[in-house]
Amino acid sequence: MGFDLVIRGATVVTPGHTETADIGISDGRIAQLGGVMTGAEELAAGGLLALPGGIDAHTHLVHQGLSGRLDSPIWVDDFWSGSRAAIAGGITTIGNMTYPMPDDEGTEETPGAAIARELAGAAPEAAVDWFLHPVLTDPAALPPGEIAALAAGGHPGIKIFLSDPDVAADEAALLATASAARAAGSVVLLHCEDGAMLRQAGKQLIAEGRGAVANFPAARPVAAEVAAVEVAIGIARRTGARVYIVHLSSAAALDRCRQARAAGLPVYVETRPLYLHLTRERFAEPDAAKYVGAPPLREESDREALWAGLAAGDVDTVCSDHAPWTLDDKLDPALNAVTARQGVADLETLMPMLYSEGVRPGRISLDQFVEVTSANAARIFSLYPRKGAIAVGSDADIALWDPGHRRTIDGAHMQSRSGYSVYDGWQVQGWPRSVLRRGQLVLADNQLTARPGDGQWLRRNGTPVP
Ligand SMILES: [Zn+2]
């Protein structure tokens, strides 16, 4: 029979299985894998890897019309520039953090209202498929039934910052929120740094005259991360809620998670590229502020532990935490070790850097690469197997990966409006040549062919069994 499109001769890498096979695609889905097939269109892919499109479950994109309402600088990618960056790097699905914003009277939106606004704002912009994580800035003040309503609305998780000392201090509200999430089958995403310890460490640095951004790592010690990870594990133990620790950065925190998982607790671990590729020596550079993300860059031993954790399956996902600022905004001399702007652009570089630094030298296998860049996020956020696999019935989200292609990172000429990359000058081998999102070519021979608004919002698959 004839399909809309046949991809010929690629090595297909899907969780647990690798083989050279043709891929038949119809109506945006994978219709046949291997065997005899013909297509209305054909794409020759000999010598390329066919990988499940990347799923970056942690981004900070800001839809148009929002930045104008704020009186301070904000992340510079909207869902269109963010989509372009994602696609250029092999990513076809993102999970974005949705923050409540103040209205004209200064009253903060409810999480549900923020989601409604972002669903409308992102739809005309996104070219990747997308889902949203509502950020709960004040769990104690949630409208009754809000967690259940968000889950029923199709949103797979909620995000809470334990780095906010007021949020962390209200244990009753945290536990009630996590219990509601457990009942609704929602994942609880937690930023794990102890807010009270951060406040104390920051105050002390400023008082000692050591407030320069170069001391950012000292303002956010490993002990603060470990303390908050222990709180997160306690929440999983006491409520049964699935907790997902975003951007885990240290060996000590990873150890705690490993023990919790061994004890059967539903604790998921995400790390981000910064901690796999860079260490705190970067803060000795003159433009130290460009490396600021929270938690901060750690020691070489932490970096090694995270790679080992990826190889051992102790780390579930590598997500970008794409939070792009212009270099001018990052290097603003008015900022200090406490107020420095957190986050970097990483959507376009996440997969190529992980492939080049991870798969090529043998730190992780190709199968593990696919797990941590796609399949695991799909499973955790209830999108599997529609997303996260190259299998009959799955969406035809495919990165046709050229393992031999070399490129030097140059953020000034990449898709993010950030205009720089923390990896500028790095030699990276292994890039997507073409990318399909639901069967549509969105990157064709290194040329972006995506259009804004073609991305679809993704509702989680039913209610997962907690
Ligand atoms: Zn983040």
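The values are calculated or read from the model by the stated rules, or taken from the named source; none is laboratory data. Please read all numbers here as calculations on a predicted model, not as lab measurements. Don't worry about glycine lacking a Cβ; one is built from the backbone with ideal geometry, like all the others, and counts go over all protein chains shown. Heads up: the accessible areas ignore ligands, DNA and RNA and are worked out on the full protein's heavy atoms, side chains in. Shrake-Rupley method; radii C 1.70, N 1.55, O 1.52, S 1.80 Å.
At a glance:
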quantity	calculated
Inter-probe distance in nm under a simple model that places probes 7 Å from Cα toward Cβ, at ALA140 and ALA169	0.8
Label zone at THR449 (point 7 Å along Cα-to-Cβ), backbone N below 15 Å, region 75-113	88
Region 112-255: mean projected area of Cα convex hull, nm²	10.3
Between 0 and 90°, nearest 10: helix 251-262 axis offset from the chain longest Cα axis	70
Sulfur and carbon atoms: percent of accessible area, the chain [1.4 Å]	51
Cα convex hull volume per residue for region 1-85 (Å³)	131
FRET efficiency estimate (nearest 0.05) - Cβ-Cβ, GLU304 to MET101, R0 51 angstrom	0.80
Pairs of lysine residues in the chain - Cα separation under 25 Å, sequence separation of 8 or more or cross-chain	5
With eigenvalues of the C-alpha gyration tensor scaled by 5 and rooted, region 317-466, Å	28, 20, 17
In degrees, nearest ten, helix 79-88 long axis to first principal axis of the chain (Cα)	60
Quotient of C-alpha Rg and 2.2 N^0.38 Å, computed over the chain	0.93
Structure-based [θ]222 nm, the chain - -39500 (n - 2.57) summed over DSSP H runs of at least 4, per residue, nearest 500	-8000 deg cm²/dmol
Cα→Cβ-extended label distance, 7 Å offset, between ALA149 and ASP410, nm	5.1
Nitroxide proxy distance, nm - points 7 Å out along Cα→Cβ at SER179 and ASP287	5.1
For the chain, accessible area per residue (1.4 Å probe, heavy atoms of protein chains only), Å²	36
